[in-house]
Amino acid sequence: MSSSVGRLDYRVSRDVKQKIKQAAAMRGLSETSFAVNALVVEAERVIQSNTITAVSARDWERLNAMLQRDSQPSAHLRAAAARFKKRSE
């Protein structure tokens, strides 16, 4: 862990406090280290699940094939690009 730069304070029930204390002891960690580790693991899981999109192998192949195609933009896409360019000027 890096040096301390912030503080988090939480109020928990006696039951929750006891569970944390017991689990921390089982891991040989202080209650603070145990709680911080658990928070970091969950934070990383949440961030990953909200920033990474998984696709099936079939969908990946289809997307890759579309990206490799040498095709020209459709009339609708050209018109949209022209509207965007006009608004951005």
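The values are calculated or read from the model by the stated rules, or taken from the named source; none is laboratory data. Here the structure is a predicted model, which means the values were calculated and not measured. Please note: Cβ atoms are built from the backbone with ideal geometry, for glycine as well, and neighbour counts cover all protein chains shown.
Kindly indicate the residue of region 16-34 that is hydrophobic (A, V, I, L, M, F, W, C) and under 26 Å from the mean Cα position of the chain (by Cα) and also surrounded by the most Cβ atoms within 10 Å (Cβ to Cβ) among those meeting that condition. Don't jump to the end; show me each part of the working.
Initial filter on region 16-34 (hydrophobic (A, V, I, L, M, F, W, C)): 16, 20, 23-26, 29, 34.
Keeping just the survivors that are under 26 Å from the mean Cα position of the chain (by Cα) gives 20, 34.
Working: ILE20: 16, PHE34: 19.
Taking the candidates together, the pick is PHE34.
What number of residues in region 35-82 are over 26 Å from the mean Cα position of the chain (by Cα) and exposed (fewer than 10 other Cβ atoms within 10 Å of the Cβ)?
Qualifying residue count, region 35-82: 10.
For the list (1) at pLDDT 95 or above; (2) polar (S, T, N, Q); (3) assigned to a loop (DSSP other than H, G, I, E, B), I need the number of the one condition that ASN37 fails.
(3)
Taking only pairs six or more apart or across chains, which ones have beta-carbon atoms under 9 Å, a first residue in region 5-25 that is under 12 Å from ALA35 (Cα atoms), and a second residue that is at pLDDT 95 or above and small (Gly, Ala, Ser)?
Listed pairs, sorted by first residue: LEU8/ALA35; TYR10/ALA35; ILE20/ALA35; ILE20/ALA38; ALA23/ALA38; ALA24/SER30; ALA24/SER33; ALA24/ALA35.
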